[in-house]
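The values are calculated or read from the model by the stated rules, or taken from the named source; none is laboratory data. Worth saying up front: this structure is predicted, and the values here are computed from it rather than measured. Neighbour counts are summed over all protein chains in view; Cβ atoms, including those assigned to glycine, are modelled from backbone coordinates with ideal geometry.
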Amino acid sequence: MGKVKFFFVFLLVLNLKLFSQVAIEVVDDSEDMVGQRLVFKVKEKFASSSIFRLTYKDEPRVQVIILTMDRFKGDRFQENISTMYAVIWVFKFEVGLPIYLNSTMGFAGSQVLDESAESIVAKTEKLISTIIKLLQPKEN
């Protein structure tokens, strides 16, 4: 397991040094209209960030997998006003199985999608910063 962590950190740090941005792939698994808008806003936030770089290539990257469903599915009076979502972060190599990093769940109304998208991006930045700090050699 230690070799895998070292390799992960090596690739992430190499990625940061070469491109000065972390490669991010947003995987859209939304099934409702509000969820699709949330995923779009997350992609916009990553694209406008100076820390992240959206990618669709097979390269070492952090995948942000977003699954959504209508919070009030089946209630014709409240459909399409809120979404429930799950976000899963994995580190994906060019080949092989991804490494699970973290996950979260929540819900967002159509009026607060910008704030929810910003929160997902902020959690991504915090997660990557924490991993880099934890896996760097300690100084004496």
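Figures for the structure shown
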{"item": "Residue match in segment 87-95 (condition: in contact (Cβ under 8 Å) with a residue 24 or more places away in the chain, of a type outside the set (A, V, I, L, M), surrounded by 14 or more Cβ atoms within 10 Å (Cβ to Cβ) and not in a strand (DSSP E or B))", "result": "yes"}
{"item": "Qualifying positions in segment 83-114 - within 19 Å of L67 (Cβ to Cβ) and of a type in the set (D, E, K, R)", "result": "K92"}
{"item": "Selection count, segment 96-108, where residues are within 14 Å of the chain's Cα centre (by Cα), loosely packed, with under 13 Cβ neighbours inside 10 Å and under 14 Å from Q63 (Cβ atoms)", "result": "2"}
{"item": "Checklist (1) polar (S, T, N, Q); (2) farther than 22 Å from I131 by Cβ; (3) crowded, with 18+ Cβ neighbours inside 10 Å applied to T55, failing item", "result": "(2)"}
{"item": "From the options I99, I120, residue that is in contact (Cβ under 8 Å) with a residue 24 or more places away in the chain, in contact with a helix residue (DSSP H, G or I) (Cβ under 7 Å, 6 or more places away or on another chain), more than 18 Å from Q36 (Cβ to Cβ) and aliphatic (A, V, I, L, M)", "result": "I99"}
{"item": "Residue match in segment 90-97 (condition: in contact with a strand residue (DSSP E or B) (Cβ under 8 Å, 6 or more places away or on another chain) and at pLDDT 95 or above)", "result": "yes"}
